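Chemist: Sharing a structure, written as structure tokens. Questions coming.
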Amino acid sequence: MDIQLKRGLLDVCVLTAIKNEDSYGYKIIKDVSPYIKMSESTLYTILKRLEEANMLTVYSVEHGGRLRKYYRITNAGRGRIEDFKDEWKQVMQIYKFVAEESIND
Amino acid sequence: MTKNEFLSELEKKLSVLPKNDAKDHILFYSEMIDDIMEDGKTEEEAVLEIGDADNVSAQIIKETPLYKIAKEKVKKVAKNNDGAVKTTLIILGFPIWFPLIISAFAVVFSLYVSLWAVIISLFASVLAFAVSSIGCVVMSVYTFIIGNSWAGIVFISFALILIGFSIFIFYLAKLLTKFAIYLVKKVFMGKGE
């Protein structure tokens, strides 16, 4: 997949993974992996970027004798998800056009 | 490879980064490995899943902005005190290498400043061309009114030529501005993914 495209998709995927409940690193990767593969280093960068954009916040919770970082979505993050859904409604129309036209080839 | 082996190898490779940045990354991977193990995998499997310490550190470094790496390197050189000879040589050579470094920075900086100067003057000429174009339109209307249609047509064509120049130079200036901003971004932010 095109790198730039994947980058934009991964941002919203991570946000979606924490939309309904706060989540932590590995769980986010697992939730997203049926749909798109993401390495741990990539996740780190995405989480950092989303945090700087105030789309999520970070907090630590004690878990089995160690600290685990949890991520919580913000309203800006939810807004980004909505923007994505709107943008891609149009993309799906375009896909229908491309797919159908190609069948006629 | 055990978790601690992986983490210390990673720490070694990330030594070019500022200590806090390196620590952040190592904590992140430590936590990740713990979570993978909690999910049912063994320590070996968890480390394998993260990948090669070489690859991981290379990717981390690639995404770090240049200025952070440069800053850390300068810090290290300043701290590096192995041997009185080395230190003495550096001190003695100070009148030579210090002005050289200053002038290198000065050259780079003045090149960058002149780029912006060019951009500003281009935008100024965009304005100048646009204004003279309007002037020609005004003159053209005037000459048409007093009955000299030939002069009127000449003025209109000048107006068109001038506005053409204005638009062309505007896009050129925009392009240069984008380039200048790209240069700033490269130094202060990472090269991206």
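Chemist: Is there a residue in the range B:110-122 that is out of contact with any Lys or Arg (no Cβ under 7 Å at 6 or more places or on another chain), of a type outside the set (A, V, I, L, M), surrounded by 11 or more Cβ atoms within 10 Å (Cβ to Cβ) and over 30 Å from B:G164 (Cβ atoms)? Step through it out loud before you land on a result.
Modeler: Keep residues of the range B:110-122 that are out of contact with any Lys or Arg (no Cβ under 7 Å at 6 or more places or on another chain), which gives B:110-122.
Adding the requirement that they be of a type outside the set (A, V, I, L, M) leaves B:110, B:112, B:114, B:116, B:121.
From the residues that got through so far, the ones that are surrounded by 11 or more Cβ atoms within 10 Å (Cβ to Cβ) too are B:110, B:112, B:116, B:121.
Subsequent filtering for residues that are over 30 Å from B:G164 (Cβ atoms) retains B:110, B:112.
So far as the range B:110-122 goes, yes, one or more of its residues are out of contact with any Lys or Arg (no Cβ under 7 Å at 6 or more places or on another chain), of a type outside the set (A, V, I, L, M), surrounded by 11 or more Cβ atoms within 10 Å (Cβ to Cβ) and over 30 Å from B:G164 (Cβ atoms).
Chemist: Look through the range A:27-43, keep the residues that are within 9 Å of chain B (Cβ to nearest Cβ) and touching a residue at least 12 places away in the same chain (Cβ under 8 Å), and return whichever of them is farthest from the chain's Cα centre (by Cα). Give the derivation first.
Modeler: Of all residues in the range A:27-43, those within 9 Å of chain B (Cβ to nearest Cβ) come to A:27, A:29-30, A:39-43.
From what is left, the residues that are touching a residue at least 12 places away in the same chain (Cβ under 8 Å) are A:29, A:40, A:42-43.
Numbers: A:I29: 10, A:E40: 13, A:T42: 11, A:L43: 9 Å.
In this case the residue turns out to be A:E40.
Chemist: Does the range A:73-105 hold any residues that are at pLDDT 90 or above, polar (S, T, N, Q) and in a helix (DSSP H, G or I), and which are they? Reasoning before the result, please.
Modeler: Residues of the range A:73-105 that are at pLDDT 90 or above, as a first pass: A:73-99.
Pick out the ones that are also polar (S, T, N, Q) and you get A:74-75, A:90, A:93.
The answer is A:N75, A:Q90, A:Q93.
Chemist: From A:R66, A:R80, A:R49, grab the single residue that is touching a residue at least 60 places away in the same chain (Cβ under 8 Å) and either more than 29 Å from B:I33 (Cβ to Cβ) or surrounded by fewer than 18 Cβ atoms within 10 Å (Cβ to Cβ) (or both).
Modeler: Details: A:R66 fails: touching a residue at least 60 places away in the same chain (Cβ under 8 Å); A:R49 fails: touching a residue at least 60 places away in the same chain (Cβ under 8 Å).
Within the list A:R66, A:R80, A:R49, the selection yields A:R80.
Chemist: Quick check on the range B:82-95. Is at least one of its residues among the basic types (K, R), in contact (Cβ under 8 Å) with a residue 40 or more places away in the chain and assigned to a helix (DSSP H, G or I)?
Modeler: To start, the set of residues in the range B:82-95 that are among the basic types (K, R) comprises B:86.
Checking which are in contact (Cβ under 8 Å) with a residue 40 or more places away in the chain leaves us with none.
Taking every residue of the range B:82-95 in turn, none turns out to be among the basic types (K, R), in contact (Cβ under 8 Å) with a residue 40 or more places away in the chain and assigned to a helix (DSSP H, G or I).
Chemist: Also, quick follow-up: What helices (runs of 4 or more DSSP H), lying completely within the range B:1-65, carry at least 1 residues that are within 27 Å of the chain's Cα centre (by Cα), surrounded by 16 or more Cβ atoms within 10 Å (Cβ to Cβ) and facing another protein chain (nearest Cβ under 9 Å)?
Modeler: Details: elements: B:3-13, B:19-38, B:43-50, B:53-62.
Answer list for the range B:1-65: B:19-38, B:53-62.
Chemist: OK, next. Give me a count of the residues in the range B:66-75 that are farther than 17 Å from B:H25 by Cβ and open to solvent by less than 50 Å² (accessible area, probe 1.4 Å).
Modeler: Summing the residues that are farther than 17 Å from B:H25 by Cβ and open to solvent by less than 50 Å² (accessible area, probe 1.4 Å) in the range B:66-75 gives 0.
Chemist: All but one of (1) at negative phi; (2) within 12 Å of chain A (Cβ to nearest Cβ) hold for B:V77; which doesn't?
Modeler: Evaluating B:V77 over (1) at negative phi; (2) within 12 Å of chain A (Cβ to nearest Cβ) leaves (2) as the failure.
Chemist: Based on what the data block shows, is A:S23 without any contact (Cβ under 8 Å) to a residue 60 or more places away in the chain, polar (S, T, N, Q) and open to solvent by less than 10 Å² (accessible area, probe 1.4 Å)?
Modeler: yes
Chemist: Read through the list (1) touching a helix residue (DSSP H, G or I) at 6+ places or on another chain (Cβ under 8 Å); (2) closer than 23 Å to A:I28 by Cβ; (3) of a type in the set (V, I, T), then give the number of the only condition that B:T42 fails.
Modeler: (1)
The values are calculated or read from the model by the stated rules, or taken from the named source; none is laboratory data. Keep in mind the model is a prediction, meaning the values are calculated, not measured. We place every Cβ from the backbone using ideal geometry, glycine too, and count neighbours over all the protein chains shown. When the accessible area is computed, the model is the full protein with side chains, heavy atoms only, and any ligands, DNA or RNA have been set aside. Shrake-Rupley method; radii C 1.70, N 1.55, O 1.52, S 1.80 Å.
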